[in-house]
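Okay, so here's the structure we're looking at.
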Amino acid sequence: MKVPLHIRDYEFIPVIIAIGLVFMPLSLIDHIYRSIWTYLSVVLTVSVILMIIHLRSYYEIIINNNEIIVIKLLFKDLKIPVEKIIEISDFNNTLHKYRKPYFLILGLMVLIVAVMNGSNGLESIEKYGFYEASNISLIFFLPLMFVIILYNSYRMSHYPTAIKVKADPGFIGLYPENEEKYLLLKEKLDTLLR
């Protein structure tokens, strides 16, 4: 089932750190000695970082008779056998409860960051020309990251109740989009522990 979920995923942190360590010298080289290759390398690196952050929220869950499998697009699947599941419980989805102020604040942040970065980028292009100005991917990085966070939060904010699966390696928060998915998930998970 495709359902928005939150899981502590420690596999993607080293990847982001490694890409960040590649990005810093590339960005410095692009700033000091710009060529088409350094420019495109920075654009590609920023795109990969944004893609990994976005794909991190696209996990699928499979509930079998004896295990829960979380399918990850970029990394190894997480398999949790029934013996390692400690508890399955409901909790109030705070993203649903406070979605209006949360999305208002986050939307304003996206707008403010986009306007500030866009105006700084245009000013830099007018002053130095397109080739000598800031790399275009750096101008759009923060606004796009906030848009990704906003979208992922929106996907998890549809239903007032969420499901928490507490297991030995950590927990999984499942955020169904509607009552039908919630009841189906709850029934499947409850039969799993019987």
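Residue count for the stretch 23-49, restricted to those that are open to solvent by 30 Å² or more (accessible area, probe 1.4 Å) and in contact with a Ser or Thr (Cβ under 6 Å, 6 or more places away or on another chain): 4. The number of residues in the stretch 95-119 being open to solvent by less than 70 Å² (accessible area, probe 1.4 Å) and of a type in the set (S, T, Y) comes to 1.
For first residues located in the stretch 34-55 and without any contact (Cβ under 8 Å) to a residue 24 or more places away in the chain, partners that are part of a loop (DSSP other than H, G, I, E, B) and lie 6+ apart or on another chain with Cβ distances below 8 Å form the pairs L55/L73; L55/L74.
When you check I17 against the structure, is it open to solvent by 50 Å² or more (accessible area, probe 1.4 Å), assigned to a helix (DSSP H, G or I) and closer than 26 Å to L138 by Cβ, yes or no? Yes. Please enumerate the residues belonging to the stretch 161-194 that are in a strand (DSSP E or B) and either free of Cβ contacts under 8 Å to residues at least 40 places away in the same chain or not charged (D, E, K, R) (or both). Within the stretch 161-194, T161, A162, I163, V165, A167, G170, F171, I172, G173, L174 meet the criteria.
Which one is farthest from the chain's Cα centre (by Cα), of the residues in the stretch 1-35 that are charged (D, E, K, R) and closer than 15 Å to L78 by Cβ? Of everything passing the filter in the stretch 1-35, E11 is farthest from the chain's Cα centre (by Cα). Exactly one residue out of V48, V42, V70 is of a type in the set (V, I, T) and in contact with a strand residue (DSSP E or B) (Cβ under 8 Å, 6 or more places away or on another chain): that is V70.
Only one entry in L5, L55 is within 30 Å of L183 (Cβ to Cβ), surrounded by fewer than 16 Cβ atoms within 10 Å (Cβ to Cβ) and at pLDDT 80 or above, namely L55. The set of residues in the stretch 165-191 that are open to solvent by 90 Å² or more (accessible area, probe 1.4 Å), within 19 Å of I85 (Cβ to Cβ) and among the acidic types (D, E) comprises D168, E187. So which residues in the stretch 78-94 are open to solvent by less than 60 Å² (accessible area, probe 1.4 Å) and either over 26 Å from the mean Cα position of the chain (by Cα) or over 8 Å from I68 (Cβ atoms) (or both), if there are any at all? The answer is L78, P81, V82, I88, S89, N93.
The values are calculated or read from the model by the stated rules, or taken from the named source; none is laboratory data. Worth saying up front: this structure is predicted, and the values here are computed from it rather than measured. Quick reminder, even Gly has a Cβ in these numbers, built from the backbone with ideal geometry, and neighbours come from all protein chains shown. For accessibility, only protein heavy atoms count, side chains too; no ligands or nucleic acids. Shrake-Rupley method; radii C 1.70, N 1.55, O 1.52, S 1.80 Å.
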